[in-house]
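Here the structure is laid out as structure tokens; the discussion comes afterwards.
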Amino acid sequence: QVQLVESGGGLVQAGGSLRLSCAASGTIFSSSDLGWYRQAPGKQRELVAQINRGGSTNYGDSVKGRFTISRDNAKNTQYLQMNSLKPEDTAVYFCRMYTVHRTTYWGQGTQVTVSS
């Protein structure tokens, strides 16, 4: 059973930075597509960033140029570097893994709060 464990959330002032990490158990990490999503109160969960097994990335329009997704297959960990944070980035952030077996796994979520 795959487990995803997130860390790195917290409270930061507008304009600041945070780095989220998501560590995965199991041996299928390197062949999986990865991503980060977020959900603000009263809103639907939305895509933040994706990185596929080949390293290609895709970002939500609201975070382009500010956030960077990356992966370290040797550590079974994906990262989300968030710079120039805005109050509207406040949300619970979830990491996601989609495996070659067409199974989706989610992390438990980590709160990011950006104060103005």
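The values are calculated or read from the model by the stated rules, or taken from the named source; none is laboratory data. All values reported here derive from a predicted model rather than from experimental measurement. Because the Cβ atoms are built from the backbone with ideal geometry, glycine has one as well, and the counts that use them run over all protein chains shown.
The number of residues in the stretch 78-116 being touching a helix residue (DSSP H, G or I) at 6+ places or on another chain (Cβ under 8 Å) and hydroxyl-bearing (Ser, Thr, Tyr) comes to 3. The requirement of being at pLDDT 95 or above and touching a Gly at 6+ places or on another chain (Cβ under 7 Å) is fulfilled nowhere in the stretch 65-83; no residue meets it. For the stretch 51-106, taking the residues that are touching an Asp or Glu at 6+ places or on another chain (Cβ under 6 Å) and assigned to a strand (DSSP E or B), the one that is nearest to Gly26 (Cα to Cα) is identified as Tyr98.
Using the structure shown, decide if Val12 is assigned to a strand (DSSP E or B), buried (at least 21 other Cβ atoms within 10 Å of the Cβ), at pLDDT 95 or above and of a type in the set (Val, Ile, Thr). No, not satisfied.
Matching residues to (1) in contact (Cβ under 8 Å) with a residue 24 or more places away in the chain; (2) touching a strand residue (DSSP E or B) at 6+ places or on another chain (Cβ under 8 Å):
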| residue | (1), (2) |
| --- | --- |
| Glu6 | yes, yes |
| Val12 | yes, yes |
| Leu18 | yes, yes |
| Cys22 | yes, yes |
| Phe29 | yes, yes |
| Leu34 | yes, yes |
| Gly42 | no, no |
| Val63 | yes, yes |
| Ser70 | no, yes |
